[in-house]
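Novice: To start, I am sharing the structure in question, which I have written as structure tokens.
The values are calculated or read from the model by the stated rules, or taken from the named source; none is laboratory data. Since the structure is predicted, the reported quantities are computational estimates derived from the model, not experimental observations. With ideal geometry, Cβ positions are generated from the backbone for all residues, glycine too; neighbour counts draw on all protein chains shown. Only protein heavy atoms, including side chains, enter the accessible area calculation; ligands, DNA and RNA are left aside. Shrake-Rupley method; radii C 1.70, N 1.55, O 1.52, S 1.80 Å.
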Amino acid sequence: GSQDVRGAVEIKQQFKQGLEGFFKLSNPANEYFALAFNTQAELIQDWTSDYQSIVTKVDSLIFKKPTALYDAMSLSLEKMQTSRNSKRVLVLISDGADNQSKTSFKKVRDALKASDVILYCVGLQNVVGIGDAVSLNLEGEGILSELATLSGGRVLFMNNSQGPKAFNEVFELIALELRSQY
């Protein structure tokens, strides 16, 4: 109902704020691309250093299931090969569930292992306002943890019972960690 719609709008606002904070704390020379996925993976913003163009695209995102997570990962890893920067970091925001991909988990894991991409996962736990309230189950948690660890990155979990600042805190943490490393 209307409560769900309001919840989704609220989540998008919080998400946008978090993203903006992440970009502002990041190196201005960085370049980004954005890929969205539900039933299929779609590049919504090609490489750009104008992060604002990514932030504005959040409004048009539709949070729904089923999700093609592995297809999105596979496409992202291919896209990363075209990066001009030697340091390549992928930030994945997901509940870890895949019920739509043509690509297998093994294929994604092998591709990530063979790449020089570091994966940071933001694991969504009980985030109300996204679809039917995204809930990270143990399998999803395991998938995100395995992929992040394998790449030398890490997984951070968030739920919006932590309040609207949850996205800000998680994104800030990632940005600061990346700045101190590179």
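Novice: Please quote Rg/Rh for the chain to two decimal places, taking the Kirkwood radius as Rh and restricting both calculations to Cα atoms.
Specialist: 0.93
Novice: Between GLU172 and GLU10, how many nm apart are label points set 7 Å from Cα along the C-beta direction?
Specialist: Simple spin-label model gives 2.1 nm for this pair.
Novice: State the percentage of accessible surface on the chain attributable to carbon and sulfur atoms; use a 1.4 Å probe and exclude ligands, DNA and RNA.
Specialist: On the way: 4760 of 9540 Å².
Heavy-atom surface of the chain belonging to carbon and sulfur, 1.4 Å probe: 50 percent.
Novice: Taking only protein heavy atoms and a 1.4 Å probe, what accessible area per residue, in Å², does the chain have with all protein chains in place?
Specialist: Details: 9540 Å² over 182 residues.
Accessible surface, normalised per residue, equals 52 Å².
Novice: Here is a further query. Taking a label point 7 Å from the Cα of ASN27 along the Cα→Cβ vector, which residues of the stretch 67-84 have an amide N closer than 13 Å to it?
Specialist: Taking a point 7 Å out along Cα→Cβ of ASN27, the residues of the stretch 67-84 whose backbone N falls under 13 Å are 84.
Novice: Still on this structure, I have one more. When the label point is put 7 Å from the Cα of LEU61 along its Cα-to-beta-carbon vector, which residues of the stretch 90-123 have a backbone N closer than 17 Å?
Specialist: Taking a point 7 Å out along Cα→Cβ of LEU61, the residues of the stretch 90-123 whose backbone N falls under 17 Å are 90-98, 120-123.
Novice: Okay, next question. What do you get for trypsin sites (Lys or Arg not before Pro) in the stretch 1-89 restricted to DSSP loop and a cutoff of at most 14 other Cβ within 10 Å of the site's Cβ?
Specialist: Numbers: sites: ARG6, LYS12, LYS16, LYS24, LYS57, LYS64, LYS79, ARG84, LYS87, ARG88; in loops: LYS64, ARG84, LYS87.
Taking the stretch 1-89 and a limit of 14 other Cβ atoms within 10 Å, the loop trypsin sites (Lys or Arg not before Pro) found are LYS64, ARG84, LYS87.
Novice: What spacing in nm lies between the two simple spin-label points modelled at THR39 and GLN81, each 7 Å away from Cα in the Cβ direction?
Specialist: 2.9 nm
Novice: Ok, one more. Past the 19 angstrom mark, what percentage of all C-alpha to C-alpha distances in the stretch 2-109 do you count?
Specialist: Numbers: 2832 of 5778 pairs.
Value for the stretch 2-109: 49 percent of Cα pairs lie more than 19 Å apart.
Novice: Based on DSSP H runs of at least 4 residues, each adding -39500 (n - 2.57), what is the mean residue ellipticity at 222 nm of the chain after dividing by all its residues, to the nearest 500 deg cm²/dmol?
Specialist: Working: 6 runs with 83 residues, N = 182.
Computed ellipticity for the chain at 222 nm equals -14500 deg cm²/dmol.
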